[in-house]
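Worksheet: one structure, shown below.
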Amino acid sequence: MTTNLNVAVFGAYGHTGRFVVAELLERGYAPVLIGRDPAKLSALSSVLPGLESRQASADDPTSLDRALAGAAAVINCAGPFAATTAPVVEAALRAGIPYVDVAAEIEANVDTFEHFAEGAREAGTVVVPAMAFFGGLGDLLVTAAAGDWTAADEVHVAYGLSSWHPTAGTLAAGTVSDGRRGGRGVRFAQGRLQYHDDARPTLEWPFPEPLGPQQVIGEFTMADVVTVPSHLAVPEVTTYMTAVAAADLAAPDATAPAAVDDRGRSAQTFVVDVVVRAGGAERRLTASGQDIYAISAPLAVEAVDRVLTGRARATGVVSAGAAFDAVDFLRALAPHLTVRQPLDAA
């Protein structure tokens, strides 16, 4: 267990970064504010006096080394993660500290598993990609629902978002991902990622009440297709998005989320409904909450806290479901998240 409470937050002045900083402060940690823009760092420091800020850029390894000096862990909140993940992971490995990010970019997460597994194991540290609403939460719910199953025939993760007002970072990350895919779609089928030009299907998903059945876009593929198969033997992972939220995201005049409470959360609500099937049996777990960006903060900070207090189950590059006790982790999120089915039954 560490007595060092300094946790570096790369991209601290971004939308999700601010939620992460606030969550760290609430839990007694000392966030170290890191970013490439000195003016934005200064503006954040002015409203959070007493916190140390350090300028660093993903394309300057020396600055990253200085920024992480003396930190117990680093949380990367700066996208597009295709550009920031590798440099910050490398800096974390040089510093010998755990790394957590909130990346929803599928290819960036794949790169993390492929390129850093050996280095993280050799360093005896933990690298947890996609420890956020997309990727992390779905993986925890799937793992908790699966229970004693180590394999499954198929996994479905349905996202019931009331709306989706994207941040500038989300839009930028989407542009990068689309470019890496050459405009193609992506799915996880037959045990691997597949890139294709097929149209996404529209169907109805039976969300539990009070949300009820909703029109969703099928194969609206999110980071769960990387995190879940990294530790659960499953050939098919499909994710879905409510059509209204998908339309919000794609709108040419999409607006950023607006705060409606003293925590800075937007009015957006969400339901995540997971179904795991194996051998004709089905297990299901559903969680709900408010603001997909805000919920990423307790997810990432809880992960860091568990690593620093010796409650991680593995070293190397691991997803949330492999790194932590999924049921216990979800219970710890009770102030932020409502799980429909009693976790003892999951």
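The values are calculated or read from the model by the stated rules, or taken from the named source; none is laboratory data. From a predicted model like this one, the values you see are computed outputs, not experimental measurements. For neighbour counting, all protein chains shown are included, and Cβ atoms are generated from backbone atoms with ideal geometry for every residue, glycine included. We work out accessible area using only protein heavy atoms, side chains counted, and drop any ligands, DNA or RNA first. Shrake-Rupley method; radii C 1.70, N 1.55, O 1.52, S 1.80 Å.
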inquiry  = Here is a list: Ala259, Ala287, Ala246, Ala267. Which entry is within 22 Å of Glu209 (Cα to Cα) and part of a loop (DSSP other than H, G, I, E, B)?
reply    = Ala267
query = In the stretch 199-235, which residues are assigned to a loop (DSSP other than H, G, I, E, B), farther than 18 Å from Asp153 by Cβ and open to solvent by 50 Å² or more (accessible area, probe 1.4 Å)?
reply = Ala199, Arg200, Pro201, Glu209, Pro210, Leu211
ask   = Restricting attention to the stretch 335-346, and to residues there that are open to solvent by less than 50 Å² (accessible area, probe 1.4 Å) and not in a loop (DSSP other than H, G, I, E, B), which single residue is modelled with the highest pLDDT?
value = Val339
task = Tell me which of these Leu64 doesn't satisfy, since it passes every other one: (1) part of a helix (DSSP H, G or I); (2) open to solvent by 10 Å² or more (accessible area, probe 1.4 Å).
result = (2)
Condition met for Val176 (under 20 Å from the mean Cα position of the chain (by Cα), closer than 21 Å to Leu141 by Cα and part of a helix (DSSP H, G or I)) = no
note = Within the stretch 306-334, restricting to residues that are of a type in the set (D, E, K, R) and out of contact with any strand residue (DSSP E or B) (no Cβ under 9 Å at 6 or more places or on another chain), the one that is least open to solvent (accessible area, probe 1.4 Å) is Arg306
query = Taking the stretch 19-61 as the search range and keeping residues that are of a type in the set (Gly, Ala, Ser), within 23 Å of the chain's Cα centre (by Cα) and surrounded by 13 or more Cβ atoms within 10 Å (Cβ to Cβ), which one is nearest to Ala73 (Cα to Cα)?
reply = Ala30
query = Out of the stretch 69-97, which residues are crowded, with 17+ Cβ neighbours inside 10 Å, part of a helix (DSSP H, G or I) and of a type outside the set (Gly, Ala, Ser)?
reply = Phe81, Thr84, Thr85, Pro87, Val88, Val89, Glu90, Leu93
remark   = Only unsatisfied item for Ala250, checking (1) open to solvent by 60 Å² or more (accessible area, probe 1.4 Å); (2) more than 23 Å from Ala132 (Cβ to Cβ), is (2)
task = May I ask you to verify whether Thr238 is under 20 Å from Glu107 (Cβ atoms) and not in a loop (DSSP other than H, G, I, E, B)?
result = yes
request  = Count, please, the residues in the stretch 138-155 that happen to be in contact (Cβ under 8 Å) with a residue 12 or more places away in the chain and surrounded by fewer than 20 Cβ atoms within 10 Å (Cβ to Cβ).
outcome  = 6
inquiry  = So, Arg306, is that one at pLDDT 95 or above, charged (D, E, K, R), under 24 Å from Ala92 (Cα atoms) and under 18 Å from the mean Cα position of the chain (by Cα) or not?
reply    = yes
key: Scan of the stretch 98-124 for residues that are closer than 16 Å to Val307 by Cα, over 18 Å from the mean Cα position of the chain (by Cα) and open to solvent by 10 Å² or more (accessible area, probe 1.4 Å), ordered by number   = Arg121, Ala123, Gly124
note = Note on Val7: of the conditions (1) at positive phi; (2) under 22 Å from the mean Cα position of the chain (by Cα), unmet is (1)
message = Please pick out the residue among Ala297, Ala259 that is buried (at least 16 other Cβ atoms within 10 Å of the Cβ) and closer than 20 Å to Leu25 by Cβ.
response = Ala297
